[in-house]
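Read through the structure below, which is laid out as structure tokens, and then see the notes.
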Amino acid sequence: MSANRARLKSIAVVLIILTAIVASVAYGAVSAEGVRNRISSKIRERYQVKNLVIKVIPFESDYWTQRGRFRSILVSADKMERKGIAIRNIYMKGFDVTLDIPQLYAEGDVETKSRKKVVFSGRIYKDDLNKLLALKKMPIKNLAVDFVDGKLVFTGTYRFGFGHSLRMVGKLSIEEHRKINFVATAASVNGIPLPAGPLRMLLNKINPLVDCQTIPLKPRVDRIEIKDNYILIKG
């Protein structure tokens, strides 16, 4: 090993030690239990939760714990709800997860710097989806959704002059692995096809139906299945 390479390696080791010392002075030693408690606190602060379970599994070496890197982090709950969006039977497990420890300890924010893989699943029930639609500002009165033969069917009264019966049939699509959008394959008012302009305006107000960007561990949504009375999302 050349003298320069040896010198650079020594400097890197010193910097790592100094970083650990500064971190220790700022917020004390990091522990899996401390991280678990902080994640739990932040989730409960942001969401209405039922039967929340969090498990933080460290690597054998405490070296990685002090740097916010863990073998796995599991989050599950019967329900997590925020801003009208309720996801039930939620399960997330991240493998080889590195958290932003200064952000977590100083600010209480759960920021994922990297993760090797996240397994994710959750259910959005029809009743919860209809409650969410009631909160959206729409030019449609009594907007409601039903699940029919693997498709979504929206109905309501279109507020344009006198009331008109709106019907939209379509499917769901995934945008950037984070947002779930409704895509209309047919739309009509009183049985007459709805022009592209008004339809686009309605879809812009409906979508995204669900935004998963604020979910802890930032899971990817890769697959959607429409069941009899709920939407199953997986990643």
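Structure notes:
- Test for LYS55: is it at pLDDT below 95 and more than 30 Å from GLY156 (Cβ to Cβ): no
- Listed by first and then second residue, the pairs linking a residue in region 147-172 that is over 20 Å from TYR230 (Cβ atoms) and modelled with pLDDT of 90 or more to a residue that is part of a strand (DSSP E or B) and of a type in the set (Phe, Trp, Tyr), with Cβ atoms under 7 Å apart and 6 or more places separating them unless they lie on different chains, are LEU166/TYR158.
- Looking only at region 49-72, and only at residues there that are of a type in the set (Ser, Thr, Tyr) and touching a residue at least 12 places away in the same chain (Cβ under 8 Å), the one that is surrounded by the most Cβ atoms within 10 Å (Cβ to Cβ): THR65
- The residues of region 80-136 include none that are under 13 Å from the mean Cα position of the chain (by Cα), among the small types (Gly, Ala, Ser) and not in a strand (DSSP E or B).
- In region 59-79, the residues that are more than 13 Å from the chain's Cα centre (by Cα), in a strand (DSSP E or B) and of a type in the set (A, V, I, L, M, F, W, C): PHE70, ILE73, LEU74, ALA77
- The set of residues in region 79-128 that are of a type in the set (Ser, Thr, Tyr) and in contact with a helix residue (DSSP H, G or I) (Cβ under 6 Å, 6 or more places away or on another chain) contains only TYR105.
- Lone unmet requirement of (1) over 20 Å from GLN213 (Cα atoms); (2) β-branched (Val, Ile, Thr); (3) buried (at least 17 other Cβ atoms within 10 Å of the Cβ) for VAL148: (3)
- Each residue in region 182-197 was checked for being in contact with a Ser or Thr (Cβ under 6 Å, 6 or more places away or on another chain), at pLDDT below 95 and in a strand (DSSP E or B), and 0 of them qualify.
- Any hit, region 173-189, residues being closer than 30 Å to ARG69 by Cβ, of a type in the set (Ser, Thr, Tyr) and surrounded by 15 or more Cβ atoms within 10 Å (Cβ to Cβ): no
- Selection status of LYS205, farther than 30 Å from SER114 by Cα, of a type in the set (Lys, Arg) and part of a strand (DSSP E or B): no
The values are calculated or read from the model by the stated rules, or taken from the named source; none is laboratory data. Since the model is a prediction, treat every value here as computed from it, not as a measurement. Neighbour counts run over all protein chains shown; Cβ positions are idealised from the backbone, glycine included.
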